[in-house]
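The values are calculated or read from the model by the stated rules, or taken from the named source; none is laboratory data. The model shown is predicted, which means the values in this text are computed figures rather than measured ones. So basically every Cβ, Gly included, is an ideal-geometry build from the backbone, and we count neighbours across all protein chains shown. For the accessible areas, the whole protein counts, side chains as well, though only heavy atoms, and no ligand, DNA or RNA atoms are used. Shrake-Rupley method; radii C 1.70, N 1.55, O 1.52, S 1.80 Å.
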Amino acid sequence: MNTILRKSILGIAGLTVAGGLAAGPLNHDTSTPTTRNAAAVTTTQAAKLDSAALIPHGVQGTQSRIDLGDEQTANVKAIIAATKKAGMDERAAVVSIATALQESKLENLGHLGDRNDHDSQGLFQQRPSSGWGTVEQITDPEYSTTAFLKGLKQVDGWQDMPLTKAAQTVQVSAYPDHYAQWEQQAADLVAEHWNS
């Protein structure tokens, strides 16, 4: 009898467990965990994609970072919007933002008088005398970003270059290696604001 009783109890327990598992999700509000889990998966997948796509060569050298104010954050968003409008990807935005971090710390600079490098102005320190556009144009974040991206598109294989080489090919700076120090912050800003 013990064997029959034990089999009956185990059978009933099995039905209870199976029934509980089947009925469990039906009796509980799963919208929060499902949403949370989906967000976690999406965030994790985005983070993995960002690491691979935004910094394909890894960062080069010591990285710098600055705190951004409202104007600088607005300029980040303007660079991203102009990049999307130009039909370019997140990597182009990283190169653009790193370049603007080096050139102006993401501040839309006017003429700085004696402290000015020739007639360089705007986010990318573009020069009207070098054909980048008028002062009004190069101090417009959308225009200056579009002009930078137009130059970047003309660099064969820019997507496969380290950031500093791609930026330098467009900018022709006296300090070509300085762009590299901003790659991590630029990638972080693109990851934060690309879909916002």
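Name the helices (runs of 4 or more DSSP H) wholly within the range 87-196 that hold at least 3 residues that are open to solvent by less than 30 Å² (accessible area, probe 1.4 Å) and more than 22 Å from Gly69 (Cα to Cα)?
In the range 87-196, 141-153, 163-171 are the helices (runs of 4 or more DSSP H) which contain 3 or more residues that are open to solvent by less than 30 Å² (accessible area, probe 1.4 Å) and more than 22 Å from Gly69 (Cα to Cα).
Please go through the range 175-196 and give me each residue that is more than 12 Å from Gln102 (Cβ to Cβ) and hydrophobic (A, V, I, L, M, F, W, C), ordered by number.
Ala187, Leu189, Val190, Ala191, Trp194
Does Leu54 qualify as being in contact with a helix residue (DSSP H, G or I) (Cβ under 8 Å, 6 or more places away or on another chain), within 16 Å of Ala167 (Cβ to Cβ) and either surrounded by 14 or more Cβ atoms within 10 Å (Cβ to Cβ) or at pLDDT below 95 (or both)?
yes
Lys85 versus (1) over 24 Å from Gly58 (Cβ atoms); (2) at pLDDT below 95: which is the lone unmet condition?
That leaves (2) as the condition not met.
Within the range 144-153, track down each residue that is in contact with a Ser or Thr (Cβ under 9 Å, 6 or more places away or on another chain) and without any contact (Cβ under 8 Å) to a residue 60 or more places away in the chain.
Once the filter is applied, which keeps residues that are in contact with a Ser or Thr (Cβ under 9 Å, 6 or more places away or on another chain) and without any contact (Cβ under 8 Å) to a residue 60 or more places away in the chain, the range 144-153 yields Phe148, Gly151.
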